[in-house]
Every structure is written in structure tokens, then in C-alpha cells.
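To start, the structure itself, in C-alpha cells.
Every number here is computed from the coordinates shown, using simple stated rules; none is lab data. Here the structure is a predicted model, which is why all the values come from computation and not from measurement. Neighbour counts run over all protein chains shown; Cβ positions are idealised from the backbone, glycine included.
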Amino acid sequence: MFDLLVSLANDQTVMRDHSQDEQALMKIQHEWAEARVKGDTSYTRRLEADDCTIVWPDGKIVNKRADLETMTGNIVFSEFNIHNLQVRLYGDAGIVVDEGIIKAHEGKQNLLGGKFVWTDTFVNEGGQWKVVASQITPVLEKRSLTVNHN
């Protein structure tokens, strides 16, 4: 009986830890979006692993250095709103899938604008979550298809 109680107590601890990790990753996602809008490269520099790989909406694959460059200079993120956030944990790894609205421009040229979905892969290194991979995908406008039977 004692073993059963210890086992149940341990299971609750694991569940609580998962919940804390899920909450931490949700918080990170919102802070990261806010850092983009503020142009805060220090947050992204700390968050992204040195060997982080990012796939931009145009399909270009970049590293951490190139991603940080988008936060400096003339590129401005005017909006980065998260509407749906899902977190899954696998040991020391976390997968976060989000959807939301992203708007960015360079001078008067719009670079991004509309609805996107993105997947961020995190690893927990020494108690800190680091992004190791990220992919941002534009959501295409749904159009009704009309079939012509002539």
C-alpha cells in the first residue's frame, strides 16, 4: 500500500512539473512575440540555441545570426498576436504550435501580413528552455472551388 501511495505522489509531481513546463513555454511564446515587436534582440539571443534553425514563411532556411538581423535595422514587426497555443512535452523537449497574426514592414514595404501558423521546438538545457528549430507558415486564404461540368 505504501508503494502505491509513493507512486501516486510521484505521478502528481511529474504532472505538476509538466504543467509548470507547459506554462513556462506558453509564457516564453508571448514574451518572444513581444520581443519581436519591441525589436529586443537580447531576448531572442538568449532564447535561441546557437545552432537554431529557422524556416521563414518564404521557405528560406536561416540560422540564429540571420534571424537576429531581422530584428535590427529597418525591419519592424508591428503586430505579433498569438490566437491559439498548443504545447506538447516529450521529456526535455517541447513542441509549441501557435497560430496568429504577424505584420512586419521595411520602410513602406510590407514584408509580412496576415495569419500564420508556426511550430517551435524547444529543449530544456540545464533548466532553461532553448529554441532549436522554428518554422513559420503563412495560412493561405481558402477559396471555394467551382467545378465546371461543361
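Other residues with beta-carbon under 10 Å from the beta-carbon of ILE101 carry, at +1 per Lys or Arg and -1 per Asp or Glu, a net charge of 0. Legend: ranking of residues ASP67, ASP58 from fewest to most surrounding C-beta atoms inside 10 Å; resulting order ASP58, ASP67. In order along the range 127-139, phi translates into HN-Hα couplings of x, 10, 7, 10, 7, 10, 7, 8, 9, 10, 10, x, 8 Hz, rounded to whole numbers, per the Karplus curve 6.51 cos²θ - 1.76 cosθ + 1.60 with θ = phi - 60° and x for Gly and Pro. The simple spin-label model puts a point 7 Å past each Cα toward its Cβ; for LYS60 and GLU31 those points are separated by 2.8 nm.
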